[in-house]
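The values are calculated or read from the model by the stated rules, or taken from the named source; none is laboratory data. Model, not experiment: these values are computed from the prediction. Cβ sites come from the backbone with ideal geometry, for glycine too, and all protein chains shown count toward neighbours. To get the accessible areas, we keep the full protein, side chains included, count just its heavy atoms, and leave off ligands, DNA and RNA. Shrake-Rupley method; radii C 1.70, N 1.55, O 1.52, S 1.80 Å.
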Amino acid sequence: MTWPRPGYIVSTLHINPTDYCILIMAAASDVKVLGMWSCPYVNRAQLALCIKSIEYEFIEENTLKKSDMLLKHNPVHKKIPVLIHGDKSVCESCIIVEYIADAFDTGPRILPSDAYDRALARFWAAYIDDKWYPLVKVLRQSGDKEERKSLVQKLFEGLILLEEAFIGCSKGMAYFGGDSIGYLDIILGSCLACLRVTEKVVGVELMDPTKAPQLAK
Amino acid sequence: MSKVKVLGFWYSPFVARVKMALKMKGVEFEYVEENIRAKSELLLESNPIHKKVPVLIHDGKAIVETMIILEYIDQTWEGPPILPRDPYHRAMARFWVNFIDEKCLNTMLKACWRTGEEQEKWKEEAILNFQILENEIKGKKYFGGDEISVVDHAANFIAYWFPLISWGRMELVTEDQFPNLWRWSSHYCNHPFVKDNLPPMDVMIPKFKPA
């Protein structure tokens, strides 16, 4: 079995390495994740399984030459990540995280118990995935100075909204999920590595602590 | 003042889903008709980021985005489940709702409103997506099996709205190519609960049919 790279996971979410190692316990052995180690959407599935202390097999896919297993388990989109649990396949990263939250009752809760807080978490996850994070990829690939300036501005505007969301959701604690990593921490946290790469490429601190001090923390 | 409000447009398939879900749960609500050209202060305050309907307001709290609203309704009120209780079937329901909204609706509308080469490109993509749905509904009365599910309601646009919008503009979901979807559409639109809760055809026709 291949574990997620501990340094990568630990540094992006500031998890104590000792806690991370202790968390890895055998709970279910019929779980597989098809993915690529560097893909943030795959990392979401891994983070959720880690939080629930679920042992799993990680199968590295080659997106240029997709395996028969991937095509069989995600015939509609033919994309990673795919979670295979026994004879069931679950696709799409947010759906996978919610499935893990529902199917495994080990470890801390991933989604809030309150219906309204849960709705807020889903709302901001959709905002990150549909509106905010796609701008990061476009920015990284853009060579046009004016376009980059406009994209950075839009990212900052979104960041301010996410900062407000964080203040509301965290209720003064360390994570969106309060005192433990929750759904939104997984969704946004998985994006941080690519965000850092983009910062290096464009030379702008996107997770700007002057604009989003709590999130930057 | 009602504890539960729905802000919407009467002709919106997304608003129809929310109203049906509340009725399934037996929840009384106040419906507030919005004007797409002059959105109310209440709508803009309740949904400042997207400024769209539907919005559900419950005890002063606003919940937005159709599927998020449906999940909220399911979690908040007792009554028949809107989503399956089993985690895997629930994940599959979410998957298909997402596929219908992101892939089918999107490409259908682009195919309908564009022209020339662009229309052909979107039409081809829409057909591929519909073939996936056609396979999914094969052998089943509804996407939920013997009973209507949240996936059937997500596809309400295909069953009820699109035939009107596309009439005289283009053919997409033809009976020859998609016999199972046609059969499903008929079952869905004639289901007693759905029939009572869809906007009446006599007001839909003048709104959507081309002049």
Residues of segment A:66-108 that turn out to be among the acidic types (Asp, Glu) and in contact with a His (Cβ under 8 Å, 6 or more places away or on another chain), as a count:
1
Show the residue pairs meeting these rules: Cβ distance below 9 Å; 6+ apart or different chains; first residue within segment B:46-65 and more than 12 Å from every other protein chain (Cβ to nearest Cβ); second residue surrounded by fewer than 13 Cβ atoms within 10 Å (Cβ to Cβ) and at pLDDT 95 or above.
B:Lys51/B:Leu44
Would you say B:Thr115 is open to solvent by 20 Å² or more (accessible area, probe 1.4 Å), more than 16 Å from B:Glu136 (Cβ to Cβ) and either within 11 Å of chain A (Cβ to nearest Cβ) or acidic (Asp, Glu) (or both)?
no
Restricting the search to segment A:49-92, which residues are among the acidic types (Asp, Glu) and within 14 Å of chain B (Cβ to nearest Cβ)?
A:Asp87, A:Glu92
Going through segment A:93-110 in order, the residues found to be part of a helix (DSSP H, G or I), among the small types (Gly, Ala, Ser) and either closer than 12 Å to A:Leu47 by Cα or more than 8 Å from every other protein chain (Cβ to nearest Cβ) (or both) are A:Ser93, A:Ala101
How about segment B:155-184: which of its residues are modelled with pLDDT of 85 or more and either open to solvent by less than 20 Å² (accessible area, probe 1.4 Å) or touching a strand residue (DSSP E or B) at 6+ places or on another chain (Cβ under 9 Å) (or both)?
B:Ala155, B:Asn156, B:Phe157, B:Ile158, B:Ala159, B:Phe178, B:Leu181, B:Trp184
All conditions in (1) outside any helix (DSSP H, G or I); (2) open to solvent by less than 20 Å² (accessible area, probe 1.4 Å); (3) of a type outside the set (Val, Ile, Thr); (4) within 27 Å of A:Arg196 (Cβ to Cβ) are true of A:Ser53 except (4)
Tell me, please, whether a residue that is facing chain A (nearest Cβ under 9 Å), out of contact with any Gly (no Cβ under 9 Å at 6 or more places or on another chain) and open to solvent by 50 Å² or more (accessible area, probe 1.4 Å) can be found in segment B:121-134.
no
Conditions (1) more than 12 Å from chain A (Cβ to nearest Cβ); (2) modelled with pLDDT under 95; (3) within 18 Å of A:Ala125 (Cβ to Cβ); number of the one not met by B:Glu102:
(1)
Could you check segment A:137-204 for helices (runs of 4 or more DSSP H) lying wholly inside it with 3 or more residues that are in contact with a Lys or Arg (Cβ under 7 Å, 6 or more places away or on another chain)?
A:145-170, A:192-202
Considering every residue within segment A:151-161, establish whether at least one is farther than 30 Å from B:Gly60 by Cβ and open to solvent by 30 Å² or more (accessible area, probe 1.4 Å).
yes
Among the numbered criteria (1) of a type outside the set (Phe, Trp, Tyr); (2) surrounded by fewer than 21 Cβ atoms within 10 Å (Cβ to Cβ); (3) out of contact with any helix residue (DSSP H, G or I) (no Cβ under 9 Å at 6 or more places or on another chain), which one does A:Leu70 miss?
(2)
Looking only at residues in segment A:92-120 that are under 20 Å from B:Thr76 (Cα atoms) and charged (D, E, K, R), which one is least open to solvent (accessible area, probe 1.4 Å)?
A:Glu98
Between A:Lys171, A:Lys145, A:Lys149, which is in contact with a strand residue (DSSP E or B) (Cβ under 9 Å, 6 or more places away or on another chain) and of a type in the set (D, E, K, R)?
A:Lys171
